[in-house]
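Attaching a single structure in structure tokens format; questions to follow.
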Amino acid sequence: ATPEQQARIRDLAEQIDAHRKRVLAAHAELTLTGLYNVLEKLKIVGAGDTVNATPLTAKERVIHDKGLVAVLHSLHQDLDAAVLDAYGWNDLASRPSTSSGRTGVIVGGEKVDAVRGEPVEPQTIDETLLERLVALNRERTNEEAQGQIRWLRPSFQNPAAQPTQQSLPATPQDAAKSQPPATSPATPDRQPWPTTLPEQMATIANLLANTATPLDMTAIAAHFTGKAKWKSALPEILATLEALGRARQVEGGLWVG
């Protein structure tokens, strides 16, 4: 996202937050859940076509009026559009929510009619978004496997960043070829173990991403100092990073980013 797009998203998010707090403070009987249950019935998609929503009940009409749900809905529409713009997916802003009812299969990355082989639009906007996000996730995973990481908040996600990043070798054989002749193991530069869990996870992820060879638990621990029983947290941190796609375990209990 460009700085302008970031500012637009931030401003809209703050407007939504302020609006919700204002109406909830003014009406003690309102709840956030109630507001959004009514909002679901008022959704407008595409270029302004209304969905055939279930009519509001008397109770929901009170929530709608007191909570100014129409204003909340408009703000969310603007935020959705701003996020789509940041992704470069403005074409979805005018996509109708109804589908043709035709089923399709993925061929060469494109959805086509299962019988005629003709291109088929995904059934819903959500389905299109999911397909694009999965493809983008795969693209980013491939980038990170080569050592290119697009930090959104470097100071938070990557506090121990080095001036340059090292790319991971494509295979363990490549890693072996890239290593100098074996001598005595070098002692890694040690740093204090971070105090908070987010910092700990970010630091371990950065260490694995910027180390050319896989590391075991002992090698990872050797990069840090500290008197507390912080080493016992490493297995859980690595397991969490693995679940997030930020680390993976290879043979012999070794870890790579």
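On a 1.4 Å probe surface of the protein chains, which of His223, His19 comes out largest in accessible area, and what is the full order?
On the way: His223 35, His19 5 Å².
I get His223, His19, largest accessible area first.
Taking only protein heavy atoms and a 1.4 Å probe, what accessible area per residue, in Å², does region 203-257 have with all protein chains in place? Could you put the intermediate results ahead of the total?
Working: 2820 Å² over 55 residues.
Here the residues of region 203-257 average 51 Å² of exposed surface.
Follow-up. Calculate the dipole size of region 218-257 relative to its Cα centre from +1 charges on Lys and Arg beta carbons and -1 charges on Asp and Glu beta carbons; express the result in debye to the nearest 20. Spell out each step's value before the answer.
Values: 5 positive and 3 negative charges, 43 e Å.
In total the dipole reaches around 200 debye.
Where does each of Tyr87, Tyr36 land when they are ordered by accessible area, with a 1.4 Å probe and the largest first?
Values: Tyr87 110, Tyr36 55 Å².
So the residues, ranked largest to smallest area, are Tyr87, Tyr36.
The values are calculated or read from the model by the stated rules, or taken from the named source; none is laboratory data. Because the structure is a prediction, the values reported are computed rather than measured. For neighbour counting, all protein chains shown are included, and Cβ atoms are generated from backbone atoms with ideal geometry for every residue, glycine included. Remember, those area values only see protein heavy atoms, side chains included, never the ligands or the DNA or RNA. Shrake-Rupley method; radii C 1.70, N 1.55, O 1.52, S 1.80 Å.
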